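Below: one structure, written as structure tokens.
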Amino acid sequence: MSAALRVGVVGGGFMAAVHSRAARAAGAELVGIVASSPARSQQVAGELGIARGFDSLDDLLDSVDVVHVCTPNALHAPQALAVLEAGLPVVCEKPLATTVADADRLVQAASGLTATVPFVYRFHPLVRHARARIASGEAGRVLTIRGSYLQDWMLESTDDNWRVDAAAGGRSRAFADIGSHLIDLIEFVTGDRVARVASTARTFFGDRAQHSDITTEDAAAVVLETTGGAIGTLLVSQTAPGRKNALTIEIAGSSESIGFEQEHPETLWVGRRAGSLAVPRDADQLAPDAARLCTVPAGHPQGYQDAFNAFVADTYAAVGGAAPDGLPRFADGLRAVQLTDAVMDAAEMGAWVDVPGL
Ligand code: SOE
């Protein structure tokens, strides 16, 4: 029985709690955490049941086997680079970096190490089943793609945080934060690649409680074409009243459509000309890569933290030398940053922009 992985966490916010729960579920030992100050590190260590609050990332690196970076976007690149340069595997929150250059530097530095990004919606079992149906040819040729990710947590002027500030969060806010999930999921499920985009973006609220003259977008609308010949539309917004984490995708193939809603992950819609069906998350009815992610029987709903737990478990399996299917690695994080950059360039230029890196 190999010793439990010793895990360190950087960051003391909501995602640090999610990551630490997933690490514990994967059998790891939560050895330490570094937050915004030594006092905050101690406080969050106590709140999350982590052994020790460290004063610095350098001190933490000497005591752990893997590090989870859960800090504001602009810190991802320097912190993940420090972990990789210490020869340690790393899990880095998305967006991987605020620029393509930084994301590319991280991909290079990660060579030979396990380095993953939590595009965790890939780990809903019915997402894997959708991907398997398309890969098998059952859905036919992918013709059209419709996707949206709508939230409302940035609707009020008092909804203000580091993401609003381009210096801390990067040039893009909504698309980098949640559009990255959407477009990663679309490419993952279809196996296709976005070739070029046209887009428009809006900052509806130029002033908030702590920030004014805001340039980061509240919402973005995208038209896309894929290398496989499909076309599609995306809408991403964090100011849509009543929507919490309403990520939905609908892929229309020449034989059948497939619809998935992240807020209702226990059922997959399969649309056909001659009668549609709702596929339940029942391991006995699912493709093997979907069934392996079913941790409880059908009828006991799995959700977001289950998907997160599966992502971390597969990451740790990869640290141990395994090669789990569909693990989002730094190359996928770079891809999402490239796509985000293309969407923002297209919005600024008012023209189609080719997506690099195909
Ligand atoms: C906030 O928009 C957020 O926490 C994102 O940062 C996560 O990636 C997403 O899964 C849920 O919403």
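The values are calculated or read from the model by the stated rules, or taken from the named source; none is laboratory data. None of these values were measured; they are calculated from a predicted model. When we count neighbours, we look across all protein chains shown, and the Cβ atoms used for this are built from the backbone with ideal geometry, even at glycine. Only protein heavy atoms, including side chains, enter the accessible area calculation; ligands, DNA and RNA are left aside. Shrake-Rupley method; radii C 1.70, N 1.55, O 1.52, S 1.80 Å.
If I go through the range 255-287 residue by residue, how many of them are of a type outside the set (Lys, Arg) and more than 13 Å from residue 133 (Cβ to Cβ)?
15
Can you name the residue in the range 242-258 that is small (Gly, Ala, Ser) and open to solvent by less than 60 Å² (accessible area, probe 1.4 Å) and is also nearest to the ligand (Cβ to nearest atom) among such residues? Let's see the steps before the verdict.
Taking the range 242-258 first, the residues small (Gly, Ala, Ser) are 242, 246, 252-255, 257.
Narrowing the set further to residues that are open to solvent by less than 60 Å² (accessible area, probe 1.4 Å) leaves 242, 246, 252-253, 257.
Numbers: 242: 16, 246: 11, 252: 25, 253: 27, 257: 25 Å.
Per the stated criteria, the residue is 246.
Considering only residues that are hydrophobic (A, V, I, L, M, F, W, C), more than 16 Å from residue 71 (Cα to Cα) and open to solvent by 10 Å² or more (accessible area, probe 1.4 Å), which ones fall in the range 1-29?
1, 3, 4, 5, 25, 26, 28
Based on this model, can you work out whether residue 208 counts as open to solvent by 30 Å² or more (accessible area, probe 1.4 Å), among the basic types (Lys, Arg), in contact with a helix residue (DSSP H, G or I) (Cβ under 7 Å, 6 or more places away or on another chain) and not in a strand (DSSP E or B)?
Considered against the rule, which asks whether it is open to solvent by 30 Å² or more (accessible area, probe 1.4 Å), among the basic types (Lys, Arg), in contact with a helix residue (DSSP H, G or I) (Cβ under 7 Å, 6 or more places away or on another chain) and not in a strand (DSSP E or B), residue 208 comes out as no.
For the range 75-95, which positions are under 19 Å from the mean Cα position of the chain (by Cα) and part of a loop (DSSP other than H, G, I, E, B)?
Within the range 75-95, 89, 93, 94, 95 meet the criteria.
Would you mind finding the one in 163, 193 that is of a type outside the set (A, V, I, L, M, F, W, C), in contact with a Lys or Arg (Cβ under 8 Å, 6 or more places away or on another chain), within 23 Å of residue 311 (Cβ to Cβ) and open to solvent by 20 Å² or more (accessible area, probe 1.4 Å)?
163
Restricting to the range 211-240, what's the tally of residues that are outside any strand (DSSP E or B) and either exposed (fewer than 15 other Cβ atoms within 10 Å of the Cβ) or hydrophobic (A, V, I, L, M, F, W, C) (or both)?
Result for the range 211-240: 9.
If only one of 127, 117 is farther than 16 Å from residue 334 by Cα and crowded, with 23+ Cβ neighbours inside 10 Å, which one is it?
Numbers: 117 fails: farther than 16 Å from residue 334 by Cα.
Just one listed residue meets the conditions, 127.
Which pairs have Cβ atoms under 8 Å, sit 6 or more apart or on different chains, and link a residue in the range 147-171 that is farther than 15 Å from residue 241 by Cβ to one that is of a type in the set (Asp, Glu) and away from the ligand (no atom under 11 Å from the Cβ)?
147/250
Across the range 50-97, what is the total count of residues that are hydrophobic (A, V, I, L, M, F, W, C), closer than 22 Å to residue 311 by Cβ, within 16 Å of the ligand (Cβ to nearest atom) and open to solvent by 10 Å² or more (accessible area, probe 1.4 Å)?
So the count comes out to 2.
Select from the range 166-184 the residues that are more than 12 Å from the ligand (Cβ to nearest atom) and not basic (Lys, Arg) and write down the one among them that is surrounded by the fewest Cβ atoms within 10 Å (Cβ to Cβ).
Here the answer is 167.
Would you list the helices (runs of 4 or more DSSP H) that sit entirely within the range 267-350 and hold 2 or more residues that are among the polar types (S, T, N, Q) and either in the same structural domain as residue 21 (by TED's automatic domain parsing) or open to solvent by 20 Å² or more (accessible area, probe 1.4 Å) (or both)? Lay out the reasoning, then the answer.
On the way: elements: 288-291, 304-319, 330-349.
Of the helices (runs of 4 or more DSSP H) lying wholly inside the range 267-350, those with at least 2 residues that are among the polar types (S, T, N, Q) and either in the same structural domain as residue 21 (by TED's automatic domain parsing) or open to solvent by 20 Å² or more (accessible area, probe 1.4 Å) (or both) span 304-319.
Quick one: residue 139 ticks every box in (1) away from the ligand (no atom under 12 Å from the Cβ); (2) open to solvent by 10 Å² or more (accessible area, probe 1.4 Å); (3) over 18 Å from the mean Cα position of the chain (by Cα) except a single one, so which number is it?
(2)
Here is a check on your reading of the model: is residue 41 within 16 Å of the ligand (Cβ to nearest atom) and either open to solvent by less than 70 Å² (accessible area, probe 1.4 Å) or not assigned by TED's automatic domain parsing to the domain that holds residue 85 (or both)?
no
Can we say residue 158 is in contact with an Asp or Glu (Cβ under 6 Å, 6 or more places away or on another chain) and open to solvent by 30 Å² or more (accessible area, probe 1.4 Å)?
no
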